[in-house]
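Engineer: The structure is given below, and queries will be raised subsequently.
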Amino acid sequence: MTIAEPQTTPDALLSTRVRNAQPALWTNPAREAQPAAALSALGRSISLDDTKAANARLGRFAGLLAEVFPELAASAGVVESPLLSASALQPALGWQEGQGRLFIKADHRLPVAGSIKARGGMHEVLEFAEGLALQHGLVEPGGDFRELATPQARAVLGRYQVAVGSTGNLGMSIGVVAAALGFQATVHMSADAKAWKKDRLRQRGVQVVEHTGDYERAVAAGRAEAAANPQCHFVDDEQSFSLLLGYSAAALHLKEQLAAQGVPVDAEHPLIVYLPCGVGGAPAGITFGLRQLLGPHVHCFFAEPVQSPCFMVQMMADATQGVGQHPSVYDWGLTNRTEADGLAVPRASLLAAGLMQPLLSGVFTVADDTLFARLVQVLDALGERIEPSAAAGFSGPAMLAGTTAGQAWLRCTGIDAVLHQTTHLVWTTGGLLVPDAQFQGFLQRGRSVLAARG
């Protein structure tokens, strides 16, 4: 399949495409095949041991989670999503023979929060709760965290507030989990957050504070309010190691799932992962975990809307101007307006960008109309319901195989010689909780796009 040509060289042509909000591909010249075992960002070093510690914390709380969330009873409190074969979708995506095979890591099915944010958001709230539980003697070290479901424990936790700034999905995760444990939960939401997400939070007892500005302003407002309240823990999506490490725990489960399905990851069988990206914490956490676990033969690409490529412009700035820049998409003449509300972020997380310098393979952008078209194709081929932002990764394989820039990357890495044995994995990020009326609107727009394209 041949699509409009994004260019990575010369840099001026790539910049023109970014400024014109056209699909573009940037590949990372600083990626290291064998990065250090411990990586640093914002003055802190993290390693695979931290990922394992985050996974262990989620395990310690599994009993409590199963008790407070009936939807987790069947999994005994484990929050995980299936790995789905998506070969039936390949023809709709214009798959070429010999291009490899396609899988979906179905985080759009994640229970409780209905999105990829469930892991990271849940982990940070649980880490805060764990510290308070030990501080107040609610649970003994090594004890059963189901004790936090008692009225006495909830009364103690109820003295504290958990707050977050969000465009939607992170707020859903933090708000729902915090409220379920008895915390006062507040979500500062930007103007582009969907009304149904605000309504769902309020129904769960979460205070929703609406802001007229974008994601960046909502976060700033929430951060400032929390700073004035010593009993408030603010979940900072731009700077939180706890969030990022919670996301990274997904890599441990994916490694097991790949092995269970007989999918090797080595020089002869590379794995290419496509991850929707907003501020960058979730995809960076997953990429960190995957690179630490699976080594040089896993390649991760972030996918962003053409009007909100905050991570692409940050990585481009780091590569050409040196670390220390923090560009906004507004600096590039872009609007930051997209129907992919979870990806509508003007400036990338410096924590995420710093960690990704030696790990990330690249970033590509997708037009909104294409998100809706992919959403329809996924439903028709697989029966899976995803939201627009979750569809961003499905353009990745064609971006690599069907463009000059992507083909150059495949040759440079040597993957072109083993493309027929390559595994492509699209990480879907949300959709489970989208109301039917909203989803029907997505389908109508997507089918109109496909009809216009013939």
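The values are calculated or read from the model by the stated rules, or taken from the named source; none is laboratory data. Small disclaimer: the values here were computed from a predicted structure and weren't measured. So basically every Cβ, Gly included, is an ideal-geometry build from the backbone, and we count neighbours across all protein chains shown.
Engineer: What is the residue count in the range 207-236 for residues that are β-branched (Val, Ile, Thr) and in contact with a His (Cβ under 9 Å, 6 or more places away or on another chain)?
Structural biologist: Final tally of qualifying residues: 3.
Engineer: Specify which of the listed residues (434, 449, 378) is assigned by TED's automatic domain parsing to the domain that holds residue 95, surrounded by fewer than 20 Cβ atoms within 10 Å (Cβ to Cβ), among the β-branched types (Val, Ile, Thr) and not in a strand (DSSP E or B). Walk me through how you get there before you give the answer.
Structural biologist: Numbers: 434 fails: surrounded by fewer than 20 Cβ atoms within 10 Å (Cβ to Cβ); 378 fails: surrounded by fewer than 20 Cβ atoms within 10 Å (Cβ to Cβ).
From the options 434, 449, 378, the qualifying one is 449.
Engineer: So which residues in the range 402-416 are of a type in the set (Gly, Ala, Ser) and either under 20 Å from residue 15 (Cα atoms) or buried (at least 18 other Cβ atoms within 10 Å of the Cβ) (or both), if there are any at all?
Structural biologist: Listed by number, the residues that qualify are 402, 405, 406, 408.
Engineer: So, one more: Only one residue in 404, 370, 335, 365 is hydroxyl-bearing (Ser, Thr, Tyr), in the same structural domain as residue 307 (by TED's automatic domain parsing) and under 23 Å from residue 84 (Cα atoms), so which one is that?
Structural biologist: After applying the criteria, what remains is 370.
Engineer: I've got another one for you. Within the set of pairs 6 or more residues apart or between chains, which connect a residue that is charged (D, E, K, R) inside the range 375-386 to a residue that is buried (at least 20 other Cβ atoms within 10 Å of the Cβ) and not in a loop (DSSP other than H, G, I, E, B) with Cβ atoms less than 6 Å apart?
Structural biologist: Final answer for the pair search is 384/378.
Residue-by-condition table, conditions (1) farther than 21 Å from residue 53 by Cβ; (2) crowded, with 19+ Cβ neighbours inside 10 Å:
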site: 70; (1), (2): yes, no
site: 113; (1), (2): yes, yes
site: 125; (1), (2): no, yes
site: 142; (1), (2): no, no
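Engineer: Which residues, counting only those in the range 237-260, are part of a loop (DSSP other than H, G, I, E, B), modelled with pLDDT of 90 or more and out of contact with any His (no Cβ under 8 Å at 6 or more places or on another chain)?
Structural biologist: 239, 240
Engineer: List every residue pair whose Cβ atoms sit under 7 Å apart, with the two residues 6 or more apart in sequence or on different chains, where the first one lies in the range 316-334 and is in contact (Cβ under 8 Å) with a residue 60 or more places away in the chain and within 15 Å of residue 14 (Cβ to Cβ) and the second, anywhere, is part of a loop (DSSP other than H, G, I, E, B) and of a type in the set (A, V, I, L, M, F, W, C).
Structural biologist: 319/30; 334/21
Engineer: Output the number of the condition that residue 201 fails; it satisfies all remaining conditions of (1) in contact with a Gly (Cβ under 6 Å, 6 or more places away or on another chain); (2) at pLDDT 90 or above.
Structural biologist: (2)
Engineer: Follow-up. Could you say which residue among 170, 138 is assigned to a loop (DSSP other than H, G, I, E, B) and either on the phi < 0 side of the Ramachandran plot or surrounded by fewer than 20 Cβ atoms within 10 Å (Cβ to Cβ) (or both)? Don't jump to the end; show me each part of the working.
Structural biologist: On the way: 170 fails: assigned to a loop (DSSP other than H, G, I, E, B).
Unique residue meeting the criteria: 138.
Engineer: Report whether or not residue 342 is closer than 29 Å to residue 195 by Cβ, of a type outside the set (A, V, I, L, M), assigned to a helix (DSSP H, G or I) and within 21 Å of the chain's Cα centre (by Cα). It would help to see each step written out before you state the result.
Structural biologist: Working: closer than 29 Å to residue 195 by Cβ: yes; of a type outside the set (A, V, I, L, M): yes; assigned to a helix (DSSP H, G or I): yes; within 21 Å of the chain's Cα centre (by Cα): yes.
Against the criterion (closer than 29 Å to residue 195 by Cβ, of a type outside the set (A, V, I, L, M), assigned to a helix (DSSP H, G or I) and within 21 Å of the chain's Cα centre (by Cα)), residue 342 qualifies.
Engineer: Tell me the residue from 289, 280, 285 that is at pLDDT 95 or above, on the phi > 0 side of the Ramachandran plot and assigned by TED's automatic domain parsing to the domain that holds residue 80, please.
Structural biologist: One residue alone meets the criteria, 280.
Engineer: Let me ask something else about it. Would you pick out the residues in the range 301-344 that are of a type in the set (A, V, I, L, M), closer than 22 Å to residue 30 by Cβ and in contact with a Cys (Cβ under 7 Å, 6 or more places away or on another chain)? Walk me through it before giving the result.
Structural biologist: Here is the first cut: in the range 301-344, the ones of a type in the set (A, V, I, L, M) are 303, 306, 312-313, 315-317, 319, 323, 329, 334, 340, 343-344.
Subsequent filtering for residues that are closer than 22 Å to residue 30 by Cβ retains 303, 312-313, 315-317, 319, 323, 329.
Matches in the range 301-344: 303, 329.
Results for (1) touching a strand residue (DSSP E or B) at 6+ places or on another chain (Cβ under 8 Å); (2) surrounded by 17 or more Cβ atoms within 10 Å (Cβ to Cβ), shown as yes or no for each residue.
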| site | (1), (2) |
| --- | --- |
| 14 | yes, yes |
| 19 | no, no |
| 31 | no, yes |
| 42 | no, no |
| 50 | no, yes |
| 55 | no, yes |
| 59 | no, no |
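Engineer: Only one of these is of a type outside the set (A, V, I, L, M), in contact (Cβ under 8 Å) with a residue 12 or more places away in the chain and in a loop (DSSP other than H, G, I, E, B): 278, 285. Name it.
Structural biologist: Residue meeting the stated conditions: 278.
Engineer: Only one residue in 217, 223 is farther than 17 Å from residue 438 by Cβ, surrounded by fewer than 19 Cβ atoms within 10 Å (Cβ to Cβ), free of Cβ contacts under 8 Å to residues at least 40 places away in the same chain and within 23 Å of the chain's Cα centre (by Cα), so which one is that?
Structural biologist: None of the others qualify; the one that does is 217.
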